[in-house]
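*Asks:* The structure is given below, and queries will be raised subsequently.
Every number in this text was worked out from the coordinates using simple rules, so none of it is lab data. Bear in mind that the values here come from a model prediction, so they are computed numbers and not experimental data. Quick reminder, even Gly has a Cβ in these numbers, built from the backbone with ideal geometry, and neighbours come from all protein chains shown.
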Amino acid sequence: MPSQLVQITQQDIALVFDINQRTLQRIEKGTSQDPNTLKHLQIILTFPDVAIWQLKQTGSRVHKDVLTKLIKYFELFKLNN
């Protein structure tokens, strides 16, 4: 998950990607199987352009440094794949 790689909070990930934080916690623990949220995460993690687009739409919800870290993460991911 990007939050571990760029050292941001679960709350930040939840805010910018429109995911309930409790659901995100359950997914990370392996106790949630919400198909809609899992598909949403799969799309974000598979298609960095989608993640970057969403970050540009919802990035004002988090600190500018967090947004910058996430955009850089997904841009680098895009270059390496």
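*Asks:* Taking the stretch 20-35, which residues are surrounded by 15 or more Cβ atoms within 10 Å (Cβ to Cβ) and within 25 Å of L76 (Cβ to Cβ)?
*Replies:* Scanning the stretch 20-35 gives L24, I27.
*Asks:* Something else about it: Scan (1) assigned to a helix (DSSP H, G or I); (2) within 10 Å of the chain's Cα centre (by Cα); (3) in contact (Cβ under 8 Å) with a residue 12 or more places away in the chain for the single condition T58 breaks and write down its number.
*Replies:* Against the list (1) assigned to a helix (DSSP H, G or I); (2) within 10 Å of the chain's Cα centre (by Cα); (3) in contact (Cβ under 8 Å) with a residue 12 or more places away in the chain, T58 comes up short only on (2).
*Asks:* Can you tell me how many residues within the stretch 60-81 are among the charged types (D, E, K, R) and closer than 14 Å to P48 by Cα?
*Replies:* 4
*Asks:* On the basis of being out of contact with any Ser or Thr (no Cβ under 7 Å at 6 or more places or on another chain), surrounded by fewer than 14 Cβ atoms within 10 Å (Cβ to Cβ) and on the phi < 0 side of the Ramachandran plot, does I43 make the cut?
*Replies:* It is true that I43 is out of contact with any Ser or Thr (no Cβ under 7 Å at 6 or more places or on another chain), surrounded by fewer than 14 Cβ atoms within 10 Å (Cβ to Cβ) and on the phi < 0 side of the Ramachandran plot.
*Asks:* Could you give me the residue pairs with C-beta distances under 8 Å whose first residue belongs to the stretch 36-54 and is within 16 Å of L79 (Cα to Cα), whose second residue is exposed (fewer than 12 other Cβ atoms within 10 Å of the Cβ) and aromatic (F, W, Y) wherever it lies, and which are 6+ apart or on separate chains?
*Replies:* Filtered contacts from the stretch 36-54: no entries.
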